[in-house]
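Here's the structure, in structure tokens; my notes come after.
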Amino acid sequence: MEMPQSTARVEAEAIARSVPGERYDRVVRLAQAIFGAPIAALNLITNDAQLTVASVGFPKGSMPIEDSVCGVTVQQNEILEVRDLREDERFAGIPAVTGSPRVRFYAGIPVRGQSGQNVGALCILDLVPRTLGRQQREMLADLGALLERELAVQEEMDLAGQVQQLMLPTSAPDIGGVEIAGRVQPAREAGGDYFDWFVVNDPEGAGKRLQVVLGDVMGKGLAASLIASEVRAVLRGHSRYTDVGDAIARTSTTTRHDLEANNRFSTLWVGRLDPVSGNLDYIDAGHGLAIIASTRGYRRLSQDYLPLGMPIEDDWTRTSDTLAEDELLVVVSDGVFDVLDDSFDEAEARLNAILDPALSCRQIVDLIVDFAVSHEATDDVTALAVRRMPGAGVEATSQGAPAAVDPDESEESEEKG
Amino acid sequence: MNFEETDQGTHVVLTPEGKFNLVAAPPLKARIDDLVAEGKARLIVDLHAVDFIDSSGLGALIGGLKAARQQGGDLRIAAAGAQVKAVLKLTNLDRILAPYETVEEALHDW
């Protein structure tokens with residue numbers, strides 16, 4: 001017996017991990033209704049197991065591959081139809097036939113993944129022997145094609161999300177005396193929120209500066225993430241050669257067409273920090289959600305400038321502040337602010353939770369993002385925390401959505417390609 | 001989300017309700033585009049029944065404003081609640097989309 005190639009089984013596992021079941025439940029319910037069968041399911045076939053990811057009349061979960069009929073279906077490229085499983089020596093002994101629910105009839109259509117190989121099967125089961133007519137077989141094939149399309153869309157979205165996660169900074173900036181961490185949790189696979197940090201040379205020759213960015217492109221999902229990638233890249237390019245205000249103005253000019261054509265806008269908060277003196281130049285382009293906080297209180301680092309992509313040009317000009325050694329710079333996206341009822345009083349009331357000096361910046365952004373997610377944030381959620389570490393070693397961490405930047409997974413996605 | 005529409009001859013009042021978000025914004029924006037294309041470019045969006053707006057809702061209003069102004073008209077918002085006002089202020093979009101307290105005030109020079 002020829003088993004499907006291992007890449008297909010790896011792909012099946014990846015799909016099973018990312019499957020939001022409701023998406024496939026609909027097609028499975030349709031199959032069940034069309035065929036008037038008590039059981040219909042989408043089963044993915046991995047190395048050693050059948051994973052039922054969507055089903056009607058049969059529990060979701062996994063079973064050993066030896067007990068799976070769909071495990072045979074995926075080895076062929078056409079419908080497997082078995083009038084009576086009890087009379088087929090391959091299946092007469094499997095638990096679903098010998099025990100509950102004592103199925104008799106099986107029909108399954110293999111379902112391909114992006115790789116073109118079969119990753120699972122859509123099947124219908126009945127408790128009495130039966131046969132499918134020609135039209136019914138065509139219908140089953142159509143439903144299988146529908147599921148393939150759903151799987152392909154989901155895989156594309158997951159890959160887009162991975163690309164976006166991999167664009168986030170993951171290593172410490174090449175500058176001493178600062179601790180920084182950021183985390184973004186998109187509402188969908190990808191999103192319009194991002195953070196960034198990188199080192200630039202001060203255009204007036206005063207040495208290295210750490211530029212930190214939190215951007216939020218209107219909307220959610222893949223479309224917003226495309227625009228976010230562009231704004232990120234353009235800002236990175238312009239930031240190398242000029243001060244922070246000018247960099248924003250040039251970024252606005254460069255991205256204007258694409259933002260307007262897509263009816264999108266992007267808020268941006270961009271700061272440029274000298275870790276030695278604590279001097280912090282910043283631009284707030286309609287973002288409004290940056291603060292410097294300490295046990296003495298907090299102040300907002302906000303300006304009256306418009307986001308990028310508005311019908312009128314603004315003249316983004318930097319404001320200077322100083323980040324003291326015992327102060328924390330925190331920037332969040334509106335997804336966080338929404339769960340605080342868009343209220344600074346609510347935010348202030350929770351500030352103490354992140355001001356414990358024993359917390360690392362990484363722990364602080366985790367606290368903020370986890371808080372927002374646990375309070376049912378509906379938007380992308382992002383947090384960035386920065387503080388100076390005079391005379392201390394440099395530490396920096398960043399973390400994306402869980403299961404997005406795990407090294408094992410990125411290896412798998414390479415195999416997939 | 002549904003929205004009511006009242007054509008007053010000199011202007012059209014659109015009244016969305018509930019959450020003005022990613023789901024609700026595109027239909028309203030599409031309707032605004034249609035109205036502007038029909039030459040009805042003086043628009044009031046009465047927000048009294050909107051309890052939540054997100055960036056997509058803001059985007060629809062800004063997009064509608066652009067479309068209306070390109071045809072020599074305007075889009076004005078009225079009776080925004082606390083959350084809508086807070087978001088407009090946060091993003092500084094109140095600079096180009098000033099919230100009027102009532103529909104009557106929004107009509108002042110039409």
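The values are calculated or read from the model by the stated rules, or taken from the named source; none is laboratory data. Computed from a predicted model, the values in this text were never measured in an experiment. Glycine gets a Cβ as well: all are built from the backbone with ideal geometry, and neighbour counts include every protein chain shown. The area values use the complete protein model at the heavy-atom level, side chains included, leaving out ligands, DNA and RNA. Shrake-Rupley method; radii C 1.70, N 1.55, O 1.52, S 1.80 Å.
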Once the Cα atoms of helix A:361-374 and of chain A are each reduced to a long axis, what angle between those two axes, in degrees from 0 to 90 to the nearest 10, is obtained? 50 degrees
Positions from the range A:218-262 whose accessible area shrinks by 10 Å² or more when the full protein complex is built, not the chain alone, probe 1.4 Å: A:Met218, A:Gly219, A:Lys220, A:Glu260
Among rounded, prolate and oblate, which fits the protein assembly as shown when a ≥ b ≥ c are the square roots of the eigenvalues of its C-alpha gyration tensor, a/c under 1.5 means rounded, and a/b larger than b/c means prolate? oblate
Once the dipole of the range A:218-257 is set up with Lys and Arg at +1 and Asp and Glu at -1 on Cβ about the Cα centre, which of A:Ala249, A:Ala228, A:His238 lies farthest towards its positive end? A:Ala228
Between helix A:221-239 and chain A, what is the angle of the helix's C-alpha long axis to the longest principal axis, kept within 0 to 90° and rounded to the nearest 10? 30 degrees
Pairs of alpha carbons in the range A:146-213 whose separation is greater than 18 Å (percent): 53 percent
Quick one: dipole size for the range B:3-101, taken about the Cα centre, charges +1 on Lys/Arg Cβ and -1 on Asp/Glu Cβ, in debye to the nearest 20. 400 debye
Accessible surface buried once B binds A (1.4 Å probe; total of both sides; Å²): 1800 Å²
With all protein chains present, how much of the accessible area of the range A:6-162 (probe radius 1.4 Å) comes from carbon and sulfur, to the nearest whole percent? 48 percent
Can you give the angle from 0 to 90° between the axis of helix B:25-37 and the longest principal axis of chain B, with both taken from C-alpha atoms, to the nearest 10? 20 degrees
Separation between the A:Val128 and A:Asp258 pseudo-spin-labels, each 7 Å from Cα along Cα→Cβ, expressed in nm? 6.1 nm
Accessible carbon and sulfur surface of the range A:169-416 relative to its total accessible area, %, 1.4 Å: 47 percent
For chain B, dividing by residue count, accessible area per residue (probe 1.4 Å) in Å² works out to 43 Å²
Peptide A:297-308, shielding by other chains (average Cβ, 10 Å cutoff): 2
If packing is taken as the average count of other Cβ atoms within 10 Å, what order do A:297-306, B:62-71 fall into, highest mean first? B:62-71, A:297-306
Considering only protein heavy atoms and a 1.4 Å probe, what is the carbon-and-sulfur percentage of the accessible area of chain B? 48 percent
Straight-line reach from B:Lys29: which lysines have a Cα under 21 Å away, not including same-chain ones fewer than 8 places off? A:Lys220, B:Lys19, B:Lys40, B:Lys66, B:Lys85
From the phi of every residue in the range A:329-346, what ³J(HN,Hα) in whole Hz does the Karplus formula 6.51 cos²θ - 1.76 cosθ + 1.60 yield, where θ is phi - 60° and glycine or proline is x? 9, 10, 10, 10, 9, 5, x, 6, 5, 4, 6, 9, 6, 6, 10, 5, 5, 4
Check which residues have an amide H placed less than 5 Å from A:Gly120's amide H, if you skip close sequence neighbours. A:Ile45, A:Val111
Suppose R0 equals 22 Å; then what is the FRET efficiency for A:Arg137 and A:Asp48 from their Cβ-Cβ distance, rounded to the nearest 0.05? 0.15
Beyond 26 Å, what share of the Cα-Cα pairs of the range A:169-416 is found? Please give it as a whole percent. 35 percent
Contact-by-burial set, the range B:39-61, min loss 20 Å², accessible area of protein heavy atoms with 1.4 Å probe, reference chain alone, gives B:Phe52, B:Asp54, B:Ser55, B:Ser56, B:Gly59
DSSP loop (so not H, G, I, E, B), at most 16 other Cβ within 10 Å: list which GluC sites (Glu not before Pro) in the range B:69-110 pass both filters. B:Glu101
Can you list residues whose amide H is under 5 Å from A:Ala190's amide H, if they're 5+ apart or on another chain and H is modeled 1.01 Å from N? A:Gly221, A:Leu222
To the nearest 10 Å², what's B:Tyr100's accessible area with a 1.4 Å probe? 60 Å²
Give me a single rounded figure for B:84-93: the average over its residues of other chain Cβ atoms within 10 Å of their Cβ. 6
Rounded to whole Å², per residue accessible area for the range A:115-273 with a 1.4 Å probe reads 38 Å²
With a cut-off of at most 12 other beta carbons within 10 Å, and DSSP calling the residue loop, which GluC sites (Glu not before Pro) in the range A:38-122 qualify? Please list them. A:Glu78, A:Glu89
Cα→Cβ-extended label distance, 7 Å offset, between A:Arg29 and A:Val163, nm: 3.3 nm
Would you please put A:204-212, A:276-284, A:179-187 in order of how densely packed they are, using the mean number of other Cβ atoms within 10 angstrom per residue and starting with the highest? A:179-187, A:276-284, A:204-212
Among all the aspartates and glutamates, which ones have a C-alpha under 15 Å from A:Lys208's C-alpha, if same-chain residues fewer than 8 places away are not counted? A:Asp174, A:Asp243, A:Asp274, A:Asp281
Placing +1 on the Cβ of each Lys and Arg and -1 on the Cβ of each Asp and Glu in the protein assembly as shown, which of B:Gln83, A:Ile124, A:Val336 has its Cα farthest towards the positive end of the resulting dipole? A:Ile124
Taking only C-alpha pairs under 8 Å that are 6+ residues apart, what is the relative contact order of the range B:1-65 in percent? 41 percent
With a 1.4 Å probe and all protein chains left in place, how much accessible area per residue does the range A:35-84 have, in Å²? 37 Å²
Which loop-located GluC sites (Glu not before Pro) does the range A:258-346 contain, where loop means any DSSP state but H, G, I, E or B and the Cβ has at most 13 other Cβ atoms within 10 Å? A:Glu313, A:Glu325
